[in-house]
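Below is one structure, written out as structure tokens, with a few remarks after it.
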Amino acid sequence: MSTPTSGMTVSLDAGFDVERVRADFPVLKQTVHGKPLVYLDSAATAQKPSCVVEAIRHFHEVDCANIHRGVHELSQRSTASYEEARAKTKRFLNSRSKNELIFVRGTTEAINLVSSSWGRKNVKSGDEIVISAMEHHSNIVPWQMLCEEKGARLRVIPMNDRGELLLEEYEKLLNPRTRMVAVAHISNALGTVNPVRQIIEMAHRAGALALIDGAQAAPHQKVDVQALDADFYAFSGHKVCGPTGIGILYGKAKLLNAMPPYQGGGDMIRTVTFEKTTYNDLPYKFEAGTPNIAGGIGMGASLDYVMRIGLDKISAYEHELLVYGTEKLLQIPGLRLIGTARDKAAVLSFVMEGIHPHDIGTVLDRQGIAVRTGHHCAQPVMDRFQIPATTRASLAFYNTVGEIDALAAGLKKVKEIFS
Amino acid sequence: MVHELYEETILDHSKRPRNCHPMDDANHKAEGYNPLCGDKLKLFLRMDGEIVKDVSFVGSGCAISTASASLMTESLRGKTRTEALALLEKFHDLLTTDSPVTKDLGKLVVFCGVRDYPARVKCATLAWHTLKSALTTDSEDPVVSTE
């Protein structure tokens, strides 16, 4: 398609019909404070297409029953839909088996599951866990808690001023005491795409495992856990256009089999007596209690949806938006991008001289533009760049160049008010 | 409209905050922190018995929190501890209730527009929370958080 903008014509990928995609998202067809909604906060949560809303509605209106133990028709239907969602996730991540995919509440719970279950069993005093300087709090705090409990040491891969990890420093951190390397595939605050394949390989050479926080990567690029050779990979359904409260922990079967259960309860057992309980097989060993059935089914629909569009097409289109947006924002005097990695996802985090992000966010909101302001749950990133907060516009495949123009116009208005 | 929030007095005080400096002879101090946006503020008070003789602040924050701190320092001088705390209550009501705007708030009425921006109430009250902690705690240097 091509969209005329001020004084120039921008052609984006001819194979991507963004208007057709937008028609799938009812939420985008509204005005906010009298202006058309410009939703630029997809890194926080992505919007949901009608097919996802419909899948959840269908479950509640037609198939609603508890799963796995019922012999009646509705229970069998709901079990089939829920397990079908796991099969869709297998295609989405290219895991070897459905049994390596654990339904969890989201990325945060996935990481906590590994740090609790794997960590308690395998980490001892004097051991080391490596994370990076650009992690979300959810990939810092669980490891910190584990280290405190075990007397282990948390080590941090530093980054440069562009927001790229320093691999030579990472190499120096690795040693025989390193047990786990846990890093983000894509940084939520900076947009940096980390070379996770190389990071995993280096961890393995040192005899350590690697967990990848895929919360920001899963919605934007094709993920192949076998090609990456990741030991654990986590993502959240709601960032891939699915509902909140559902996500996935992928783990290699031999690792998951060797780990103790995370929570005890129904579904995760084989036999229970007051003397002894034996546990269920994978993946159910880690799925205690009635799960978020509607959420799982909704996430299945969302993964189908993005796979139908094509993750490669999504990446290519979003990259063009990023290039366009970067150029557009850099034309605004006094604006500084935070996160300028050479390999970057469609996240535009920035500061403006003398204007606080919260004021920027409020003025943009009144123009119908939704951005995120604050530390983005990555306070160490803010400290690294010596700023209290940033304004972040995060893009998805349903955004348009016209919306980036609206952002740029909105920022001009911000400048008018505060200068 | 957004101009009602960022009205002229607020913009003026955010760009040129009054009483924005440390105070060597302060006898009451407190620190305020809004973890949501990273705003930090340090408040200095010189009390003569029950009377606020001088007040100043330093810190970094958004336009609303800076202007609020600046206008607060202007409105406190000469007030008793009780009067200052009563003003805090009135200011808080101005931001969080639909109560009619009272005249005794003076210049502080310019923050009336914050009512329509619930996410920004904490910005406007950071300095006042810090004041309360400076006036009501015995510790030399308390730290208050809006969370």
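The values are calculated or read from the model by the stated rules, or taken from the named source; none is laboratory data. Please read all numbers here as calculations on a predicted model, not as lab measurements. Methodologically, a virtual Cβ is constructed for each residue, glycine included, from the backbone with ideal geometry; neighbour enumeration extends over all protein chains shown.
Within the stretch B:14-39, being crowded, with 17+ Cβ neighbours inside 10 Å and under 16 Å from A:H358 (Cβ atoms) holds for B:S14, B:G32, B:Y33, B:N34, B:L36, B:C37, B:G38, B:D39. Being in contact with a His (Cβ under 8 Å, 6 or more places away or on another chain) and buried (at least 20 other Cβ atoms within 10 Å of the Cβ) is a description that applies to A:I186.
Specify which of the listed residues (A:R77, A:R120) is in contact (Cβ under 8 Å) with a residue 40 or more places away in the chain and surrounded by fewer than 21 Cβ atoms within 10 Å (Cβ to Cβ).
Exactly one residue qualifies, and that residue is A:R120.
Which one is surrounded by the most Cβ atoms within 10 Å (Cβ to Cβ) among residues in the stretch A:146-158 that are aliphatic (A, V, I, L, M) and assigned to a strand (DSSP E or B)? Of everything passing the filter in the stretch A:146-158, A:I157 is surrounded by the most Cβ atoms within 10 Å (Cβ to Cβ).
Quick check on B:C112: is it within 14 Å of chain A (Cβ to nearest Cβ), part of a helix (DSSP H, G or I) and either touching a residue at least 24 places away in the same chain (Cβ under 8 Å) or surrounded by fewer than 16 Cβ atoms within 10 Å (Cβ to Cβ) (or both)? In short, no. Summed over the stretch B:8-40, the residues that are within 12 Å of chain A (Cβ to nearest Cβ), closer than 24 Å to A:F385 by Cα and not hydroxyl-bearing (S, T, Y) give a count of 8.
Which of the following residues is modelled with pLDDT of 95 or more and surrounded by fewer than 22 Cβ atoms within 10 Å (Cβ to Cβ): A:E135, A:E128, A:E100? Working first, answer last.
Values: A:E135 fails: surrounded by fewer than 22 Cβ atoms within 10 Å (Cβ to Cβ); A:E100 fails: surrounded by fewer than 22 Cβ atoms within 10 Å (Cβ to Cβ).
That would be A:E128, the only listed residue that is modelled with pLDDT of 95 or more and surrounded by fewer than 22 Cβ atoms within 10 Å (Cβ to Cβ).
Listed by position, the helices (runs of 4 or more DSSP H) inside the stretch A:25-135 whose residues that are closer than 17 Å to A:Y305 by Cβ number at least 3 are A:50-58, A:73-93.
Quick one: which of A:I186, A:I199 is among the β-branched types (V, I, T) and free of Cβ contacts under 8 Å to residues at least 60 places away in the same chain?
Working: A:I186 fails: free of Cβ contacts under 8 Å to residues at least 60 places away in the same chain.
Exactly one residue qualifies, and that residue is A:I199.
Only one of B:A134, B:A63, B:A69 is under 14 Å from the mean Cα position of the chain (by Cα) and more than 14 Å from every other protein chain (Cβ to nearest Cβ). Can you tell me which? Walk me through it before giving the result.
On the way: B:A63 fails: more than 14 Å from every other protein chain (Cβ to nearest Cβ); B:A69 fails: more than 14 Å from every other protein chain (Cβ to nearest Cβ).
Going through B:A134, B:A63, B:A69 in turn, the sole match is B:A134.
The set of residues from the stretch A:228-257 being without any contact (Cβ under 8 Å) to a residue 60 or more places away in the chain and at negative phi comprises A:L228, A:A230, A:D231, A:K254, A:N257.
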